[in-house]
Amino acid sequence: MAGLTFEQIRIPAAVALLALAAFIFWPRGDGSGVPSPTPRASIVIGEPGGAIIATPTPTIAPTPIPTLAVVPTPTTAPTPPPAAAGFGAEVLACRSISGDRCNDQLGTLPASAGSFTALVRFDAASAGDTMNAVLAGPGGTIDGFPYTLTGSGDGYYYTTFTVGSLPGGEYTLTATRNGEPVATTAFKIAGR
């Protein structure tokens, strides 16, 4: 027996294609193509005597959308961590340092020097304290690079100041903890 021929399958194929097209293009809903906001009654109940009663359409109450209000937060300056009992510090102007040791503490920085190191040694600091050094004199005020401590206890902090372009004269080096002065020292930069 040979396979089916085109003549034998063309009518069933045409009917199948027509059924598929009818399914795809057949109108649905109320004909507007827009879904209705409330569902229509799906059950019709008969009343004795022949009257037809439609089931009540359920009402869908809209869900309220909460509104967000921006509440301003008070702007207050950050408070420094509480002072540790027994905190103490000293600041030194050094040609160089070796750990927490000052090599060649300055009385007068030679005019040829391009930089010096400020060394701050401290006792009983708290984690979160911010240490810094500030240089002030005839060349103006220059902040060092602040550092926030991650641990508590004794330690040291240092920062290097470039002074090649500063005029000669008396300078004050101040160590700060959380922005407050904790120690000072004075030295000279020789005239240039």
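Throughout, read-outs are computed from the coordinates displayed, never taken from laboratory work. In this text, all values refer to a predicted model and were calculated from it rather than measured experimentally. Cβ sites come from the backbone with ideal geometry, for glycine too, and all protein chains shown count toward neighbours.
Is region 88-96 home to any residue that is in contact (Cβ under 8 Å) with a residue 24 or more places away in the chain, farther than 16 Å from Thr184 by Cα and in contact with a strand residue (DSSP E or B) (Cβ under 7 Å, 6 or more places away or on another chain)? The answer is no; no qualifying residue exists.
Of all residues in region 139-157, exactly one satisfies the criterion of being within 31 Å of the chain's Cα centre (by Cα), loosely packed, with under 15 Cβ neighbours inside 10 Å and closer than 16 Å to Tyr171 by Cα, namely Asp143. Name the single residue that is nearest to the chain's Cα centre (by Cα) among those in region 158-173 being buried (at least 18 other Cβ atoms within 10 Å of the Cβ) and assigned to a loop (DSSP other than H, G, I, E, B). That would be Val163. For region 174-183, a residue qualifies if it is surrounded by 18 or more Cβ atoms within 10 Å (Cβ to Cβ) and not in a strand (DSSP E or B), and exactly one does: Asn178.
Hey, could you check region 101-138 for residues that are of a type in the set (Asp, Glu) and over 13 Å from Phe187 (Cβ atoms) and say which is surrounded by the most Cβ atoms within 10 Å (Cβ to Cβ)? Per the stated criteria, the residue is Asp129.
Number of residues in region 106-157 that are more than 17 Å from Arg95 (Cα to Cα) and not in a strand (DSSP E or B) equals 12.
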